[in-house]
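The values are calculated or read from the model by the stated rules, or taken from the named source; none is laboratory data. Not measured: the values here are computed from a predicted model. Note: ideal-geometry Cβ built from the backbone for every residue, glycine included; neighbour counts use all protein chains shown. SASA here: full protein model, heavy atoms, side chains in, ligands and nucleic acids out. Shrake-Rupley method; radii C 1.70, N 1.55, O 1.52, S 1.80 Å.
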Amino acid sequence: MYAIVDIAGQQFKVEAGNEIFCNRLPEAKGADVEFDKVLLLDNEGKVKVGAPYVKGVTVKATVLADDARADKVLVFKKIRRKGFQKCNGHRQKLSKIRIAEIAIAA
């Protein structure tokens, strides 16, 4: 069983036991979180597509790290023949979460 879920403005395909990096969540390390913005649910071939969300389905997860950082992205600017060069770096702050289960309300 898998689901497509909206977490912090991004869509992820999740299954129970997956560990994913998402945009920074306000919850601290060790906290349990629930996501109810499920866009699609595939339960052994039975697909439910939400309009916009599937009702009665939540994804439960645990925050493993709230201070993870992505790889550095370098932004290099240059204007040729003018002697202008500028290099900036950026590292996005992320949260690492583990998907505990996909819960379906009866």
**Asked** If the chain between Gln11 and Lys55 were fully stretched, how many nm would it gain, using 0.36 nm times the residue separation less the Cα-Cα distance?
**Response** 14.1 nm
**Item:** Electrostatic dipole magnitude of the chain [Cβ: Lys, Arg +1; Asp, Glu -1; Cα centre; debye, to 20]
**Value:** 1320
**Computed accessible area, Phe21, all protein chains, 1.4 angstrom probe, square angstrom** = 110
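Leaving out ligands and nucleic acids, note down the accessible area per residue over segment 1-56 with a 1.4 angstrom probe, in whole Å².
Result: 66 Å² of accessible area for each residue.
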**Fill in**
With R₀ set to 30 angstrom, the calculated FRET efficiency between the beta-carbons of Ala105 and Lys29, to the nearest 0.05, is 0.60
**Request:** Find the centroid of the Cα atoms in segment 39-58 and in segment 73-106, then give the distance between the two in whole Å.
**Result:** 30
**Asked** Pick the calculated Rg and Dmax of the Cα atoms in Å for this structure from [x] 18.7, 68; [y] 19.0, 57; [z] 18.5, 62?
**Response** [x]
**Prompt:** If Lys and Arg each add +1 and Asp and Glu each add -1, what is the summed charge of the other residues whose beta carbon sits under 13 Å from the beta carbon of Asp42?
**Reply:** +1
**Asked** Most fluctuating residue of Glu34, Glu15, Glu44 in a GNM of the chain with Cα springs under 10 Å: which is it?
**Response** Glu44
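Output the pairs from Lys48/Lys72; Lys55/Lys93; Lys48/Lys93; Lys60/Lys93 with a Cα-Cα distance over 28 Å in this structure; if there are none, say none.
Lys48/Lys72; Lys55/Lys93; Lys48/Lys93
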**Request:** Could you work out the local net charge near Met1, counting Lys and Arg as +1, Asp and Glu as -1, over the other residues with Cβ closer than 9 Å to its Cβ?
**Result:** -3
